[in-house]
Every structure is written in C-alpha cells, then in structure tokens.
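Below is one structure; the comments refer to it alone.
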Amino acid sequence: MTQTAYALAPGRGQRLIGALLALYIVLLVAIPLTALVHAGISQGIVAFFEAVWHPVARAALWLSFWTALLVSVVNAFFGTACAWVLVRYRFTGRGTLSALVDLPFAIPTLVAGIMIAIMYGPDAFLGRFFESHGMPIVFAKPGIVLALLFVTLPFVIRAVEPVLLEIDPTEEEAALVLGAGPWKAFTTVYLPALAPAAISGSIRSLGRALGEFGAIAVVAGNIPMRTQAAPVYIFGEIESGAPHSAAALSVVLLLLAVSLHALARLLERKTGVRHG
C-alpha cells in the first residue's frame, strides 16, 4: 500500500506542475492574445477592414512586409554561408565570430538602432558618403533593411549549423571520388539537407522582422506613406488615442506571425530539422 501510494505521488505532482504551467502560459500568452483580437474586431468586421485598409496603415504594412521579405531572402543566402564558414573552417577569431552572431539576441534592439544611426547618420562619415551618392541610409528604407538584418542575423545561422554538423563528411568524399566537382558535391550532398533548415530559419526571420519596433523607430524617420513601418504606425495610433486602429493592424501582424511560425514548425517536422 505504501509502495503504491509512493508510486502514484509523482504522477499527481506532475499533473499539478503541468496544470500550473498551463495556467501560467494561458495567463501570459493566451488571454492577452485573445484580448488583442477582441479589441481589433470589437467594432465589427467592417470597421476592422476600414482600419487596416486606411492608406497610411496599408502603406506601413506593405513597407514592413517587403523589407522583412527581402531580409529573409538575404538571410537565407548569407546565413547559410556564415554557418558553413563557422562549421567547416578553423581560423583565428572563429569563437569570437560565433559569439558575435548571437549578439543581436543579447542587446536591446533600440541600442542596435542607435548604433546604426551613429554609424550611418547624416553627421557620420559613412552617412555623408552614402548620402552624397544619392543613397541615404538613416531615415530612409536602406536603414530599415539594415536594422532588420542586424536583429535577424542569428536565425538562419543557428538553424543551419546543427544540420552541417550532422552531415557525414564521407558522403562528400565519396562524391568527389566518383568524379563530382566541389559544386556538384555541394548540391548533391549538402544542399538537400541544408535547404529545409535555411528556409525554416528565413521564415522565422521574416516573422521576427515583421514585428520589429525598437531599431526601426530610431533609423526609419517614421514618415507616413514613406518610411513608417507597421509597428511604429501602431505605436503612433496608441499615442494618438486610436486604440482600435492600433489593435486592428496588430491583429494582422499577429496572424502573419502565427502563420509563419506554424509554417516553420510544419517544415521542421516534415524534414526533421531542429531549430537551434
């Protein structure tokens, strides 16, 4: 009897811990998200679409989407290349470079925006150089892209690295022995394994970039219809006393983020990719 009670006790404890954790997640995530969706549609579907389809809101959403999409594509290529270098090559400073990859996760994005503004602002040497050639960085679209590239840097790199580490080098050696060149060996041995991880990481970077606020608020200039991104537009609507418009556009960003997250999870599950 004592042994049975002792055996059942951990089960009850696990159920209690599970219930407490579920309550914690519900209070922290599910209820606030539900409240946001309710606020966005509280005035009806027509009012929701009117708020989202307002010219300024639509321009802000489009700016956020195409810049985030561009950043995800750039990350897919350069993130994979960086992961390749970190895994395949041994060189002085490799550990430092690997640590720098995670730096965007460690520092506030507002600080990242300030760093970019200091380097590429109108009073900085690089800023004056680019502006003199007709391509201003800060307070323009290139500044937005640069800021998003910084904050999403780790996603593809950390997704591709574990896949590279798991690939058996003898497969590449066998391909080379059979007469395949370096490019042919890469496309036949590595690319099929790396592509799902790179795509998954780029999808996650797309979702992350869509919601970025801190860095963009510093470098974009926030000019309506030109350099005002969706998160900054939402913040402006809150400050202007228009919470419904802010909530409506927030719901759109939420749906995009959830859809992208679900797509990345589905891809990872089907291909066996583990997100790092």
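The values are calculated or read from the model by the stated rules, or taken from the named source; none is laboratory data. Predicted model only: the values in this text are computed from it and were never measured. Because the Cβ atoms are built from the backbone with ideal geometry, glycine has one as well, and the counts that use them run over all protein chains shown.
Results, tabulated for the structure shown:
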| quantity | calculated |
| --- | --- |
| Residue 187 out of contact with any strand residue (DSSP E or B) (no Cβ under 9 Å at 6 or more places or on another chain), surrounded by fewer than 22 Cβ atoms within 10 Å (Cβ to Cβ), in contact (Cβ under 8 Å) with a residue 40 or more places away in the chain and over 30 Å from residue 51 (Cα atoms) | no |
| Residue 83 being farther than 28 Å from residue 186 by Cα and surrounded by 12 or more Cβ atoms within 10 Å (Cβ to Cβ) | no |
| Contacts under 6 angstrom Cβ, first residue in segment 49-66 being within 15 Å of residue 220 (Cα to Cα), partner surrounded by 15 or more Cβ atoms within 10 Å (Cβ to Cβ) and not polar (S, T, N, Q), 6 or more apart | 60/229; 60/230; 60/233; 61/230; 63/229; 64/210; 64/229; 64/230 |
| Yes/no for residue 238 being in contact (Cβ under 8 Å) with a residue 24 or more places away in the chain and in contact with a helix residue (DSSP H, G or I) (Cβ under 7 Å, 6 or more places away or on another chain) | no |
| Residues of segment 209-219 that turn out to be surrounded by fewer than 24 Cβ atoms within 10 Å (Cβ to Cβ) and either at pLDDT below 90 or not hydrophobic (A, V, I, L, M, F, W, C) (or both), as a count | 2 |
| Residue match in segment 235-255 (condition: surrounded by 20 or more Cβ atoms within 10 Å (Cβ to Cβ) and within 23 Å of residue 76 (Cα to Cα)) | no |
| Qualifying residue in segment 169-184 (condition: surrounded by fewer than 20 Cβ atoms within 10 Å (Cβ to Cβ), at pLDDT 75 or above and outside any helix (DSSP H, G or I)) | no |
| Condition met for residue 148 (buried (at least 16 other Cβ atoms within 10 Å of the Cβ), in contact with an Asp or Glu (Cβ under 7 Å, 6 or more places away or on another chain) and not aromatic (Phe, Trp, Tyr)) | yes |
| Exclusive hit being in contact with a Gly (Cβ under 8 Å, 6 or more places away or on another chain) and either closer than 30 Å to residue 101 by Cβ or in contact (Cβ under 8 Å) with a residue 12 or more places away in the chain (or both), set 40, 79 | 79 |
| Flag for residue 206 being in a helix (DSSP H, G or I), buried (at least 22 other Cβ atoms within 10 Å of the Cβ) and modelled with pLDDT of 90 or more | yes |
| Cross-chain or 6+ apart pairs with Cβ under 8 Å, segment 194-223 first and touching a residue at least 40 places away in the same chain (Cβ under 8 Å) and at positive phi, then crowded, with 24+ Cβ neighbours inside 10 Å and among the β-branched types (Val, Ile, Thr) | 221/138 |
| Top-ranked residue in segment 67-85 [being out of contact with any Leu (no Cβ under 7 Å at 6 or more places or on another chain) and of a type in the set (A, V, I, L, M); ranked as nearest to residue 221 (Cα to Cα)] | 70 |
| Helices (runs of 4 or more DSSP H) contained in segment 27-143 and holding at least 3 residues out of contact with any strand residue (DSSP E or B) (no Cβ under 6 Å at 6 or more places or on another chain) and of a type in the set (S, T, N, Q) | 55-88 |
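Here is a yes/no grid of residues against (1) in contact with a Lys or Arg (Cβ under 8 Å, 6 or more places away or on another chain); (2) over 12 Å from residue 56 (Cα atoms); (3) among the hydroxyl-bearing types (Ser, Thr, Tyr):
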{"residue": "221", "(1), (2), (3)": "no, yes, no"}
{"residue": "227", "(1), (2), (3)": "yes, no, yes"}
{"residue": "231", "(1), (2), (3)": "no, yes, no"}
{"residue": "237", "(1), (2), (3)": "no, no, no"}
{"residue": "241", "(1), (2), (3)": "no, yes, no"}
{"residue": "248", "(1), (2), (3)": "no, yes, no"}
{"residue": "256", "(1), (2), (3)": "no, yes, no"}
{"residue": "264", "(1), (2), (3)": "yes, yes, no"}
{"residue": "269", "(1), (2), (3)": "no, yes, no"}
